[in-house]
Each structure stands twice: as structure tokens, then as C-alpha cells.
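The values are calculated or read from the model by the stated rules, or taken from the named source; none is laboratory data. Only a predicted model underlies this, so the values are computations on that prediction, with no experimental measurement involved. Methodologically, a virtual Cβ is constructed for each residue, glycine included, from the backbone with ideal geometry; neighbour enumeration extends over all protein chains shown.
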Amino acid sequence: MSLKIPSSLKYEYPFSPKQIELGSGHKLNYVDEGQGPVVVMVHGNPTWSFYYRNVIKKLRTDFRVIVPDHIGCGLSDKPQDYDYTLDNHIKNLSELLDHLQIKDFSLIVHDWGGAIGMGLATRNPSRVNKAVILNTAAFTDTFIPKTINLCKNSLFGEWMVRKFNAFAWPATFMAVEKPLAKEIKEGYLLPYNNYANRIATARFVKDIPMKENHPTWQVLKDIEDNLDKVNCPKLLLWGEKDFCFNMHFYKRWKEIYPTAKSKTYPKAGHYILEDAKNDVNAEISSFLRG
């Protein structure tokens, strides 16, 4: 494990992460806490398992909580020659759960973790007990914020993200409505501390499919077409001030899952687990324990 959790973050992130070596030869880091029914939490870009730290603490008394860092993210390996695609991230998550012999689980997803987590769910719908959906998408769409589209630019987008941390760093203030404490910002930025370690934050953006000729478009379309097969109980929690996954995406989810329990937060942004921490954690806990 090339990165270590500094002592200043031990209170916020008091876990002892584990690792497995995937079939690709790369090491994937994950948190595995508690005992009981399994809950799998899937993060997006540019976060890592740190994003779910408070949910982990809340649930680990009654659940076995598994939270991976995608390859290129968090404390996982950050290979420079890896194919950072949605399909590979789904396969990695599946490989982790198979390694841990997890037969069924509940799912919590956020940001690009929605496509990854629901990608796994649509391929294995009978294994999913419940699903919590937080400011994310798992379907094709043509909307993209100008700031993210700038990072996606083929000429200078990746260079800008990797040289100046122009994705993870702006997210520490653009993705929240309430300013983050200094140590929390440090936690989010910890894994993305140099040019090489920012490769996944850049490649995640490149992998957003905006047109049908994009190699990931069909993977995402297959997920979209099979969302109706995931017929477990669902909880939809949404920050209304999200600059990225705005209310347009929330309405799409409500159309796909009209009977899902839902709640929106008018003063919360994209990092809903920061802006509405206590209430969202309580809603998740009640839903999974209900």
C-alpha cells in the first residue's frame, strides 16, 4: 500500500483497510467492517472510501460494510497503463465480492459509483436486497456541466486535471454548500497528491459517454435498459444544489423507480454525505434496518 493514512485523519477514518490482488495483477483496497447483512458502498470520482466514512461508522454495529477504492482511487494501485473504463470497474467490484464470497448485499451508490454499482446490480439483480441512490446516474444522458466538459477536453483536459489537480481540488468547494474542515479537505485530496496519482480522476472524466460512438455508451445503455430488473426496495436521497447531478437526474430516477422512497435536501450539494450528514445517515440507517 503506497499511501498511508496520516495520524491527523485517524479520527475521521479509523479503519484498517485490506487489499486483494485482482486478476489484472493490480491491488484493490477496501474497507471491511462489522458483521451481519452485507452493505456495499460504491464511490465515484474524485472521491474514495473516505466519502462513506460516517456511514461506515453508523452501520458497522449491525452490518458488514464493504467499501472498495476503485483502481486508480484512494489507497488502491494507480497503474499508468490501465484501461480505466466503466466495464472494468464493474468487473473489479464483482471480483472483490466473489473473492469475499458475498452472495447477497444491499447497495449504496454515489456519483460514477451509480453506474458501477447498478452495473453490478443489473447483471445480478437477485443478489441485491436494497439500494440507496445518492446524487448519481446509471443511464445515458447528454447533459454535462461546462466545468466537467472542460476537463473532458481531449487537447488539454487530462493535462489540466493531472498537473493542477483540477478535478479533486475544485470538488472540495464546488461539491459542497457547507465549507469542509481543513482535515476533511486533506482527506479527500490525500490519494491524489501528484501527477501519476491523478490518472483515474482524469480517465473517469474521459470515460463519460456523451455520444453513441463512445466505447462506454453501450455499456451504460445496457445498464439503463436493465434497471427495471433491480426490483428491490430503494431509497433515493438527493442534494438539490448539486452542480453536476442536478434535479434533472433526480427526476429521471423517479421516472425509473416511481415507488422508491425519496427525500431531497434543498441546502445540500453533490457531496450530500457532507452537507446533510446527520439526516442522510439516519435515513440510510432506518431504511436498511427497517
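The table that follows gives values for the structure above.
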| quantity | calculated |
| --- | --- |
| Count - residues of region 178-204 that are touching a helix residue (DSSP H, G or I) at 6+ places or on another chain (Cβ under 8 Å), surrounded by 20 or more Cβ atoms within 10 Å (Cβ to Cβ) and not polar (S, T, N, Q) | 8 |
| Output for region 64-84, where each listed residue is of a type in the set (D, E) and more than 25 Å from K103 (Cα to Cα) | D77, D81, D83 |
| Total residues in region 101-120, condition in a helix (DSSP H, G or I) and within 30 Å of K267 (Cβ to Cβ) | 6 |
| Which numbered condition D98 fails, given (1) surrounded by fewer than 15 Cβ atoms within 10 Å (Cβ to Cβ); (2) assigned to a loop (DSSP other than H, G, I, E, B); (3) not hydrophobic (A, V, I, L, M, F, W, C) | (2) |
| Residue in region 205-214 that is in contact with a Leu (Cβ under 8 Å, 6 or more places away or on another chain) and either surrounded by fewer than 17 Cβ atoms within 10 Å (Cβ to Cβ) or aromatic (F, W, Y) (or both) present | no |
| Residue within region 16-31 that is more than 30 Å from M174 (Cα to Cα), of a type in the set (K, R), part of a strand (DSSP E or B) and touching a residue at least 40 places away in the same chain (Cβ under 8 Å) present | yes |
| Spans of helices (runs of 4 or more DSSP H) in region 126-195 with at least 3 residues among the aliphatic types (A, V, I, L, M), within 23 Å of F50 (Cβ to Cβ) and in contact (Cβ under 8 Å) with a residue 60 or more places away in the chain | 168-174 |
| Among (1) modelled with pLDDT of 95 or more; (2) in contact with a His (Cβ under 7 Å, 6 or more places away or on another chain); (3) on the phi < 0 side of the Ramachandran plot - the single one F143 does not satisfy | (1) |
| Residues located in region 232-263, provided they are assigned to a loop (DSSP other than H, G, I, E, B) and in contact with a Phe, Trp or Tyr (Cβ under 9 Å, 6 or more places away or on another chain) | P233, E240, K241, D242, F245, N246, A260 |
| Condition broken by W217, with the remaining ones in (1) farther than 25 Å from V39 by Cβ; (2) buried (at least 18 other Cβ atoms within 10 Å of the Cβ) satisfied | (2) |
| Residue in region 267-284 that is in a helix (DSSP H, G or I), among the hydrophobic types (A, V, I, L, M, F, W, C) and under 24 Å from K221 (Cβ atoms) present | no |
| Meets criteria (within 21 Å of Y271 (Cβ to Cβ), assigned to a helix (DSSP H, G or I) and in contact with a strand residue (DSSP E or B) (Cβ under 6 Å, 6 or more places away or on another chain)) for G44 | no |
| Members of region 54-71 that are touching a residue at least 60 places away in the same chain (Cβ under 8 Å), surrounded by 21 or more Cβ atoms within 10 Å (Cβ to Cβ) and part of a helix (DSSP H, G or I) | V55, L59 |
| Any hit, region 10-25, residues being buried (at least 23 other Cβ atoms within 10 Å of the Cβ) and either under 23 Å from L220 (Cβ atoms) or polar (S, T, N, Q) (or both) | no |
| So D77, is it in a loop (DSSP other than H, G, I, E, B), acidic (D, E), more than 16 Å from the chain's Cα centre (by Cα) and more than 20 Å from K18 (Cα to Cα) | no |
| Failed condition for D104, given (1) surrounded by fewer than 19 Cβ atoms within 10 Å (Cβ to Cβ); (2) within 24 Å of P191 (Cβ to Cβ) | (2) |
